[in-house]
1. What Kirkwood Rh does region 122-232 have if only Cα atoms enter the pairwise 1/r average? Answer in Å.
2. For region 134-177, state the semi-axes of the equivalent ellipsoid (square roots of 5 times the eigenvalues of the alpha-carbon gyration tensor), sorted largest first and rounded to whole angstrom.
3. How much area per residue is accessible in the chain when the probe is 1.4 Å and only protein heavy atoms are counted (Å²)?
4. Give the ranking of Met22, Met37 by solvent-accessible surface, highest area first, calculated with a 1.4 Å probe.
5. Kirkwood hydrodynamic radius, region 76-145, all distinct C-alpha pairs: what's the number in Å?
6. Could you tell me how many cubic angstrom of Cα convex hull volume region 3-89 has per residue?
7. For the chain, which whole-number percentage of the solvent-accessible area (1.4 Å probe, protein heavy atoms only) is attributable to carbon and sulfur atoms?
8. So what is Rg over Rh here for the chain, counting just Cα atoms and using Kirkwood for Rh?
Amino acid sequence: MTSIDVDRLPEGDEKVTAVRSMFDAIAPRYDLVNRIMTFRMDVGWRQRTVSALGLTPGSVIADLACGTGDLCVELSSRGFTALGFDLSFGMLAAARTGAPLVQGDALRLPVPDGSVDGVTCGFALRNFVDLAPFLAELGRVTRPGGRIALLEVAEPANPLLRTGHGVYFGHVVPRIGGLLSDAAAYRYLPKSVAYLPPTAELMGLVRDAGFPDADRATLSGGISQLLTGTRA
């Protein structure tokens, strides 16, 4: 089981170690817990993410923090060439995709400049040590005219929905995770939303990384968000 400290949010190298250890621990039942705690809405969110790329079949897409390969599976089903990268060997070992997978740091991708047509990333922005270098790496590896589609959790703007979502995400999800997987990990994950900067700041970071048309769409009443952009 993970040894992550749920009473505080780690930073720097400590965060890298903690996040990798946590995902190694929850990998075997990660997909099952996701389906249950989102009522399978995560499936539709990933479909929307791939559609938002707007690229032609055959395009090479790097899926960062690919986990067990959900987005890689969806990309391959649409005719894309998917390449998966993840820091956690445990997640890659539990993957169910035929796409090539690489264990590595998304801040230092082992691919040449401008070598991919697009990038996807699902529910991982809050797990990186620093978003600016991560987004700069997206700008480096994506060709001009290429697209990015980044899926992440969010908080609903509607006060009533936000309160209900807060109760569910903060109290029910950890119970589900505790019953089926690792209790500490699923207490940490709701708290990790605090790592995300305010929306305006986040969108500014995406634009500054070379995606000046960056846009944000909220999904399912605002409990998740999809950030897209075209490489200048």
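1. On the way: mean 1/r = 0.0665 Å⁻¹.
This gives a value of 15.0 Å.
2. Listed largest to smallest, the semi-axes of region 134-177 are 34, 14, 7 Å.
3. Values: 10050 Å² over 232 residues.
Here the residues of the chain average 43 Å² of exposed surface.
4. Ranking Met22, Met37 by accessible area, largest first, yields Met37, Met22.
5. Final number for the Kirkwood radius of region 76-145 is 13.1 Å.
6. Values: hull volume 10.2 nm³, N = 87.
Spelled out: Cα convex hull of region 3-89, divided by residues, is 118 Å³.
7. On the chain, the fraction of accessible area on carbon and sulfur atoms equals 57 percent.
8. In the chain, Rg relative to Rh is 0.93.
The values are calculated or read from the model by the stated rules, or taken from the named source; none is laboratory data. All values reported here derive from a predicted model rather than from experimental measurement. In this analysis, Cβ positions are derived from the backbone assuming ideal geometry, glycine residues included, and neighbour counts consider all displayed protein chains. Side chains are part of the model used for accessible areas, which takes the heavy atoms of the whole protein and leaves out ligands, DNA and RNA. Shrake-Rupley method; radii C 1.70, N 1.55, O 1.52, S 1.80 Å.
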